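Colleague: Below is one structure. I have some questions about it.
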Amino acid sequence: MKVVADGVRVRIGDAVILERADFEAESGRITGIIGPNGSGKSTLLRCLYRALKPTAGNVYIGPDDVWRSSARQAGLRTAVVAQDHDLDNDYSVLEVVTMGRNPHKRVLDRETGSDRRIVDNALDRVRMRWASDRIFATLSGGERQRVLVARALTQQAPVLLLDEPTNHLDVGAQLELLDLVRDLELTTVAALHDLDHATTYCDRLILVHDGQVVTSGPPDEVLTPERVAKVFGVESAIVPHPLTGRPHFVTASRVTTPR
């Protein structure tokens, strides 16, 4: 299921945060939104999952306009792992993950055996079944992130939206999570800080700078040395990884003379 942004503009007060953003995320592929802090990448992602309504433009999930759909319809199409959450401190891990089944339920529907199997499977996939009875607020930041990914998985939506999904995770957990996301084969749009992760795991990248989409395309076409120097202010190259042979993004500070 495709995700399309068509001329998305976000204005808050007198400030234009995002201007004429256009992109298409292909069905079943991973699309990364990258850019410096404050560039507008999280703003763009929030427009996709109905957290921030664009001032102008449209967002489509498949054939449907996100902002003309109900919250329940959106929940059946898109699962979200956001940077912020409004969960009550008293919820258990099991309760948090089970919330992912809400879009599939009507007001008086009860949890079924099928629901519980879906929840247990999601917890297993993120290696958090051991914490089912723990209070969510007592977990470490990385553990909470994995629980939120499990909640997204229980929605069984065709589109997965991730805002900095590797925040608070150690390096092993970061790679494990990104491997999991890649294996899901969902239409995935992720805002990412780590440009090497973006190069390794994303099929396409959207580069956002100063509230505008600068370019989009395969990682090696987007992250050219000239463009990275202009947008991020560092020297860079994409080289074969010495361990895996995959494309590996490396950077260095912009030093013009040897030390």
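The values are calculated or read from the model by the stated rules, or taken from the named source; none is laboratory data. It should be emphasised that the depicted structure is a prediction, and the values quoted were computed from it without experimental measurement. Every residue, glycine among them, receives a Cβ derived from its backbone with ideal geometry; neighbour counts consider all protein chains shown.
Colleague: Given the criterion of a type in the set (D, E, K, R) and buried (at least 22 other Cβ atoms within 10 Å of the Cβ), identify the matching residue among K53, K41.
Modeller: Testing whether each residue is of a type in the set (D, E, K, R) and buried (at least 22 other Cβ atoms within 10 Å of the Cβ) leaves just K41.
Colleague: Also: What is the residue count in segment 69-120 for residues that are farther than 29 Å from A25 by Cβ, small (G, A, S) and in contact (Cβ under 8 Å) with a residue 24 or more places away in the chain?
Modeller: Residues meeting the conditions: 1.
Matching residues to (1) farther than 30 Å from A157 by Cβ; (2) out of contact with any helix residue (DSSP H, G or I) (no Cβ under 6 Å at 6 or more places or on another chain); (3) surrounded by fewer than 21 Cβ atoms within 10 Å (Cβ to Cβ):
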position	(1), (2), (3)
T187	no, yes, no
L192	no, no, no
A198	no, yes, no
V214	no, yes, yes
L243	yes, yes, yes
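Colleague: Return the residue satisfying two criteria in turn: it lies in segment 135-177 and is outside any helix (DSSP H, G or I) and among the small types (G, A, S), and of such residues it is surrounded by the fewest Cβ atoms within 10 Å (Cβ to Cβ).
Modeller: That would be S140.
Colleague: Just wondering, is there one or more residues in segment 4-23 that are surrounded by fewer than 20 Cβ atoms within 10 Å (Cβ to Cβ), assigned to a loop (DSSP other than H, G, I, E, B), of a type in the set (A, V, I, L, M, F, W, C) and at pLDDT 90 or above?
Modeller: Within segment 4-23, none of the residues are surrounded by fewer than 20 Cβ atoms within 10 Å (Cβ to Cβ), assigned to a loop (DSSP other than H, G, I, E, B), of a type in the set (A, V, I, L, M, F, W, C) and at pLDDT 90 or above.
Colleague: So, one more: If you scan segment 122-131, which residues turn out to be surrounded by fewer than 16 Cβ atoms within 10 Å (Cβ to Cβ) and without any contact (Cβ under 8 Å) to a residue 12 or more places away in the chain?
Modeller: D124, W130 - these are the residues of segment 122-131 that are surrounded by fewer than 16 Cβ atoms within 10 Å (Cβ to Cβ) and without any contact (Cβ under 8 Å) to a residue 12 or more places away in the chain.
Colleague: Would you pick out the residues in segment 214-227 that are under 11 Å from T199 (Cβ atoms) and either modelled with pLDDT of 95 or more or not charged (D, E, K, R) (or both)?
Modeller: Listed by number, the residues that qualify are P218, P219, V222, L223.
Colleague: Which one of these is of a type in the set (A, V, I, L, M), under 19 Å from L186 (Cβ atoms) and touching a Cys at 6+ places or on another chain (Cβ under 7 Å): V126, V159, V59, V149?
Modeller: V59
Colleague: Restricting attention to segment 29-38, report how many residues are small (G, A, S) and buried (at least 22 other Cβ atoms within 10 Å of the Cβ).
Modeller: The qualifying residues number 2.
Colleague: Residues E26, E111: which one is under 27 Å from D194 (Cα atoms) and loosely packed, with under 14 Cβ neighbours inside 10 Å?
Modeller: Testing whether each residue is under 27 Å from D194 (Cα atoms) and loosely packed, with under 14 Cβ neighbours inside 10 Å leaves just E26.
Colleague: Looking at segment 48-128, what helices (runs of 4 or more DSSP H) fall wholly within it and have at least 3 residues that are of a type in the set (D, E, K, R)?
Modeller: Per the criteria, 113-125.
Colleague: Follow-up question, since we're still on this one. In segment 68-78, is there at least one residue being of a type in the set (V, I, T), modelled with pLDDT of 95 or more and either in contact with a strand residue (DSSP E or B) (Cβ under 6 Å, 6 or more places away or on another chain) or over 25 Å from V126 (Cα atoms) (or both)?
Modeller: Within segment 68-78, not a single residue is of a type in the set (V, I, T), modelled with pLDDT of 95 or more and either in contact with a strand residue (DSSP E or B) (Cβ under 6 Å, 6 or more places away or on another chain) or over 25 Å from V126 (Cα atoms) (or both).
Colleague: Additional query: If only one of D179, D133, D170 is of a type in the set (D, E), farther than 19 Å from M99 by Cα and more than 16 Å from the chain's Cα centre (by Cα), which one is it?
Modeller: Answer to the selection: D170.
Colleague: Need the failing condition index for H248 against (1) of a type outside the set (G, A, S); (2) touching a Pro at 6+ places or on another chain (Cβ under 8 Å); (3) in a strand (DSSP E or B); (4) more than 20 Å from L175 (Cβ to Cβ), just the number.
Modeller: Just one mismatch for H248, condition (4).
Colleague: Return the residues of segment 26-47 that are closer than 12 Å to V213 by Cα and either small (G, A, S) or assigned to a strand (DSSP E or B) (or both); say none if nothing qualifies.
Modeller: I33, I34, G35, S39, G40
Colleague: Which ranges mark the helices (runs of 4 or more DSSP H) fully within segment 191-244 that have 2 or more residues being over 17 Å from the mean Cα position of the chain (by Cα)?
Modeller: The qualifying helices (runs of 4 or more DSSP H) are 219-222, 225-232.
Colleague: Which pairs turn up if I take residues in segment 34-61 that are touching a residue at least 40 places away in the same chain (Cβ under 8 Å) and closer than 23 Å to T199 by Cα and look for partners that are assigned to a loop (DSSP other than H, G, I, E, B) and of a type in the set (D, E, K, R) with beta carbon separation below 8 Å, at least 6 apart in sequence or on another chain?
Modeller: From residues that are touching a residue at least 40 places away in the same chain (Cβ under 8 Å) and closer than 23 Å to T199 by Cα, the pairs are S39/D210; G40/D210; S42/E164.
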